[in-house]
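Enquirer: Below you'll find the structure I mean.
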Amino acid sequence: MRFLGNIEAKTDAKGRVFLPAAMRKVLQSAGEELLVMRKDVHQPCLVLYPETVWNSQMDEARQRLNRWDAHEQELFRQFVMNVEFISLDGNGRFLIPKRYLQMAGIEQSVHFIGMGDCIEIWASQHVEKPFIEAEAFGRMFGELMSGKPADATPTNL
């Protein structure tokens, strides 16, 4: 599964929103019907995981966290306790519960951002400016992909 793009949408008065058609097609082609929603661990956004991706994330967390260590058990509990199972209605809409709207600061306008195997839902006011300025992004991404600082002088062989 590969969710891509940045698509704007609006919630209705009840908190329902249409999952963008391109993202619905990805789910359908993968045979996924159920989504899992949770607040992102680091950012003020919501994350939609297809059920198989969520199960894989949960399995990985369970393997890394020792259930017999009280601190690690608290971490796992925090990770899994605030999730909501989401299914789309016949029109491709789903309800974002009020507590999740509040957690992400969503009023009406949202952005769906495809993140490969999951979908982030951001309040529009959080994505009005770039997350990272273009110049800094280019430098940082170049460093990451090359494995060396972007300002290093190339060596001639």
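Enquirer: Given the convex hull of the Cα atoms of the chain, what is a quarter of its surface area in nm²?
Expert: Details: hull surface 51.7 nm².
Computed as one quarter of the Cα hull surface, the answer is 12.9 nm².
Enquirer: Going by amide H atoms built from the backbone, whose H comes under 5 Å of the H on LEU48, apart from near neighbours?
Expert: Close amide H contacts, sequence-distant or interchain: ILE119, GLU120, ILE121.
Enquirer: May I have the convex hull volume per residue, in Å³, for the Cα set of the stretch 87-153? Intermediate values should be presented prior to the final figure.
Expert: Values: hull volume 8.6 nm³, N = 67.
Value for the stretch 87-153: 128 Å³ per residue.
Enquirer: Nearest 10 degrees is fine. How inclined is helix 51-64 to the longest principal axis of the chain, computing both from alpha carbons?
Expert: The angle comes out near 60 degrees.
Enquirer: Also, quick follow-up: Given the DSSP H assignment, sum -39500 (n - 2.57) over each helix run of at least 4 residues in the chain and divide by its residue total; what's the result at 222 nm in deg cm²/dmol, nearest 500? List each step's numbers first, then the result.
Expert: Working: 5 runs with 55 residues, N = 157.
Calculated at 222 nm, the ellipticity per residue is -10500 deg cm²/dmol.
Enquirer: Take a quick pass over the chain and tell me how many lysine pairs come in under 30 angstrom between Cα atoms, counting only ones 8 or more apart or on separate chains.
Expert: The number of close lysine pairs in the chain is 15.
Enquirer: With charges set only on the Cβ (+1 for Lys and Arg, -1 for Asp and Glu), what does the dipole of the stretch 47-118 come to about its Cα centre, in debye to the nearest 20? Let's see the in-between values first.
Expert: Details: 7 positive and 10 negative charges, 35 e Å.
Rounded to the nearest 20 debye, it is 160 debye.
Enquirer: Now for a separate question. Have a look at PRO50, PHE85, GLN63 and report the one farthest towards the positive end of the charge dipole of the stretch 36-129, computed about the Cα centre with Cβ charges (Lys/Arg +1, Asp/Glu -1).
Expert: Going by the Cα projections, it comes out as PHE85.
Enquirer: Using the Cα centre as the reference, give the magnitude of the dipole from point charges on the C-beta atoms of the chain (Lys, Arg: +1; Asp, Glu: -1; all else neutral), rounded to the nearest 20 debye.
Expert: Working: 18 positive and 21 negative charges, 72 e Å.
Result for the chain is approximately 340 debye, rounded to the nearest 20.
Enquirer: Still on this structure, I have one more. What does the charge add up to near ASN55, with Lys and Arg as +1, Asp and Glu as -1, over the other residues with Cβ less than 14 Å from its Cβ? Mind showing how you got there, number by number?
Expert: On the way: positive: ARG38, ARG62; negative: GLU32, GLU33, GLU51, ASP59, GLU60, ASP117.
Charge balance near ASN55 sits at -4.
Enquirer: Name the chymotrypsin sites (Phe, Trp or Tyr not before Pro) in the stretch 54-143 that are in a loop by DSSP and that have at most 16 other C-beta atoms within 10 Å, would you? Don't skip to the answer; put the middle values down first.
Expert: Values: sites: TRP54, TRP68, PHE76, PHE79, PHE85, PHE94, TYR100, PHE112, TRP122, PHE131, PHE137, PHE141; in loops: TRP68, PHE131.
Loop-located and lightly packed - TRP68, PHE131.
Enquirer: Using the alpha-carbon atoms, what tilt in degrees (0 to 90, nearest 10) does helix 70-81 show relative to the longest principal axis of the chain?
Expert: 60 degrees
Enquirer: Could I ask something else about it? For the Cα atoms of the chain, what angle does the longest principal axis make with the long axis of helix 134-146, in degrees from 0 to 90, nearest 10?
Expert: The angle comes out near 70 degrees.
Enquirer: Just the number, please: carbon plus sulfur as a percent of the accessible area of the chain, 1.4 Å probe, no ligands or DNA/RNA counted.
Expert: On the way: 5460 of 10330 Å².
Here it works out to 53 percent.
Enquirer: If you don't mind, there's one more thing I want to ask. For the chain, which longest stretch is free of loop sites, where a loop site is one of the trypsin sites (Lys or Arg not before Pro) that DSSP puts outside H, G, I, E and B and that has at most 12 other Cβ atoms within 10 Å? Walk me through the numbers on the way to the answer.
Expert: On the way: sites that count: ARG2, LYS14, ARG67.
Maximal segment without exposed cleavage sites: 68-157.
The values are calculated or read from the model by the stated rules, or taken from the named source; none is laboratory data. Keep in mind it's a predicted model, so treat the numbers as computed, not measured. Virtual Cβ from ideal backbone geometry, glycine too; neighbours counted across all protein chains shown. For accessibility, only protein heavy atoms count, side chains too; no ligands or nucleic acids. Shrake-Rupley method; radii C 1.70, N 1.55, O 1.52, S 1.80 Å.
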